[in-house]
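Everything on this sheet refers to the single structure shown next.
The values are calculated or read from the model by the stated rules, or taken from the named source; none is laboratory data. Owing to the predicted nature of the structure, the values given are computational and were not obtained by experimental measurement. Here the Cβ positions follow ideal geometry from the backbone for every residue, glycine too, while neighbour counts run over all protein chains shown. Surface areas here come from the heavy atoms of the whole protein model, side chains and all, with no ligands, DNA or RNA. Shrake-Rupley method; radii C 1.70, N 1.55, O 1.52, S 1.80 Å.
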Amino acid sequence: MEFPKWKDIPKPIRVIILIIVILLLIWFGANIYRILRKPPNAHYISGGGEIPEGWTPTTITDDLFNVISGVFTLPKTKQLIFGQFNDLNDNQMIKVYNDWNDRYATRSIFLGMGSYGTLTTAATEEWNYSVIGADNEAEIMKGNLKRLKLK
C-alpha cells in the first residue's frame with residue numbers, strides 16, 4: 001500500500017491534519033512545561049515543632065489529594081482531613097506541603113491539561129460549600145499555609 005503524496009490529498013483533509021498536528025504539539029508542550037515547573041521544597045523552620053521519629057506525611061498527603069481531587073467528597077470527610085492537617089505542628093505541615101509538591105503538584109487534572117499546583121493553590125481553589133465545618137477547617141488550613149509563607 002502506498003501513501004498518497006501531500007499535494008494529492010484534498011485541501012480540507014490537509015487542513016484537518018494540520019489542525020490535529022498543531023493541537024498535539026500544543027498538548028505535548030503544555031505537558032512538558034507542567035512537568036518542568038515543579039515547585040521547590042519549602043525549608044523547615046526553627047521552633048516549628050519536632051517531627052516524630054518514623055512519622056511520614058504520605059497518609060495525610062494522600063487523604064488531602066483524595067479530598068481535593070474528589071468530585072463528590074462528603075463535607076464531613078473534608079472537615080476531618082483538613083482538621084487532621086490543622087492539628088499538625090508547623091514543620092509537619094511543611095513536610096506535607098513538600099510531599100504534596102513532590103507527588104501531586106504537576107499531576108495533570110484532565111487529559112494532561114492543567115495541574116493541581118502547590119498544596120496552597122489546590123486548597124485555595126477547593127470548593128467548601130458546607131455548613132458543618134469543612135469550610136471553617138479549610139479556612140484554617142489556608143491560614144496556616146499563608147502564615148508559613150507556603151505559596
Q: Exactly one condition in (1) surrounded by 12 or more Cβ atoms within 10 Å (Cβ to Cβ); (2) at pLDDT 90 or above; (3) of a type outside the set (S, T, Y) is not met by E53; state its number.
A: (1)
Q) In region 133-151, which residues are assigned to a helix (DSSP H, G or I), under 18 Å from L74 (Cβ atoms) and either of a type in the set (K, R) or at pLDDT below 70 (or both)? A) A134
**Q.** Failed item, numbered, when N31 is tested on (1) modelled with pLDDT under 85; (2) open to solvent by 70 Å² or more (accessible area, probe 1.4 Å)
**A.** (2)
